[in-house]
Amino acid sequence: MRVIAIDGPAGSGKSTVARKLATRLGLPYLDTGAMYRGVTFAALRRGVDPDDIEQVNRVAVECELDVDQGGVVTVDGVDATIEIRGPEVTRAVSIVAANAGVREELRRRQREWADDRDGGVVEGRDIGTVVFPDAALKVFLDARPDVRASRRSKEVTELSYETVAADLARRDALDEGRDDSPLRAADDAFVIDTSRLSVDEIVERVMERLA
Ligand code: CDP
């Protein structure tokens, strides 16, 4: 099995780079952030409080999640592609992602996904550190907070730069500070500061590492 792990905070270029790499290499691609967002969507839709550890854990185990190659995300048979990126889910996702039961269930699904395909490009926060510690290549993308916030605010045009920057800072703190699989670079990760790099330049650097 050959896994390429791409980790990093929001706005680091992770998703775009992981997608391009997967296409270049002809490998399947998995966005694990979409899975955490999918569980959050399922909990909110069932009226479950994101802070209710046991109930949210149960939602994670019971919900039907499908994240396809084209980015379409289906939760319990409902197309949630747009809503998982919306403000309600974004507000609650890092609370849900700090739930150890949720992480255990999603780790299991992520490993099963990779086993079924004999590997692929997997993107997230804990892929190189916890989910696939034996990955063939671990990449950790990072960038200055203001660069990440400005990239994200160009995608989410309905929110101000200040709102987006505050949300990223809040999620960074929650993701880095949690006990279970906190966001960090693996000791053996190839760390790239993407602040001044284009997507193509990042992809080239990773391709050089693979050569
Ligand atoms: O797209 P963005 O970078 O904003 O975030 P995402 O990759 O969609 O992930 C959303 C949230 O899910 C993150 O802020 C983390 O709280 C959580 N997450 C995680 O804990 N572990 C992962 N492997 C992926 C995402």
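The values are calculated or read from the model by the stated rules, or taken from the named source; none is laboratory data. Not measured: the values here are computed from a predicted model. Heads up, the Cβs are rebuilt from the backbone with ideal geometry, glycines too, and the neighbour counts pull from every protein chain shown. Surface areas here come from the heavy atoms of the whole protein model, side chains and all, with no ligands, DNA or RNA. Shrake-Rupley method; radii C 1.70, N 1.55, O 1.52, S 1.80 Å.
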Problem set entry | Residue order for R109, R171 - accessible surface, 1.4 angstrom probe, largest first | R109, R171
For this session: Could you run the Karplus curve 6.51 cos²θ - 1.76 cosθ + 1.60 with θ = phi - 60° over the stretch 151-160 and give me ³J(HN,Hα) per residue in whole Hz, x for Gly and Pro?
Result: 4, 5, 6, 6, 7, 9, 6, 7, 10, 6
Problem set entry | Simple label model, 7 Å out from Cα along Cβ direction - M1 to E201, nm | 3.5 nm
Problem set entry | Candidate lysines for bridging to K154, where Cα separation is under 20 Å - those fewer than 8 sequence places away on the same chain excluded | K14, K20
Problem set entry | Contour minus Cα-Cα distance for D146 and T163 (0.36 nm per residue) | 4.9 nm
For this session: Hey, can you find the accessible area per residue of the stretch 102-155 for me, probe 1.4 Å, expressed in square angstrom?
Result: 43 Å²
For this session: Calculate the spin-label point distance for R108 paired with V72, positioning each point 7 Å from the Cα along the beta-carbon direction, and give it in nanometres.
Result: 2.8 nm
Seminar exercise, completed: Scoring the chain by relative contact order with C-alpha pairs under 8 Å, at least six apart, yields a percentage of 33 percent
Exercise. Roughly what % antiparallel, to the nearest 5, for the DSSP beta bridges in the chain?
Worked result: 25 percent
Exercise. Roughly how many percent of the accessible protein surface of the chain is carbon and sulfur, given a 1.4 Å probe and a whole-percent answer?
Worked result: 48 percent
For this session: Grab the Cα-Cα distance for D188 and E54, subtract it from 0.36 nm times how many residues apart they are, and report the gain in nm with one decimal.
Result: 44.8 nm
Exercise. Which residues' amide hydrogens lie under 5 Å from the amide hydrogen of D126, considering only partners 5 or more residues apart or on another chain, with H built in the peptide plane?
Worked result: none
For this session: Rank-order 194-203, 152-161 by packing density, defined as the average count of other C-beta atoms within 10 Å over each peptide's residues, highest first.
Result: 194-203, 152-161
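Could you tell me the calculated FRET efficiency between I82 and R209, based on Cβ-Cβ distance and R0 = 45 angstrom, to the nearest 0.05? Can you show the working numbers first?
On the way: r = 35 Å, r/R0 = 0.77.
Calculated value: 0.85.
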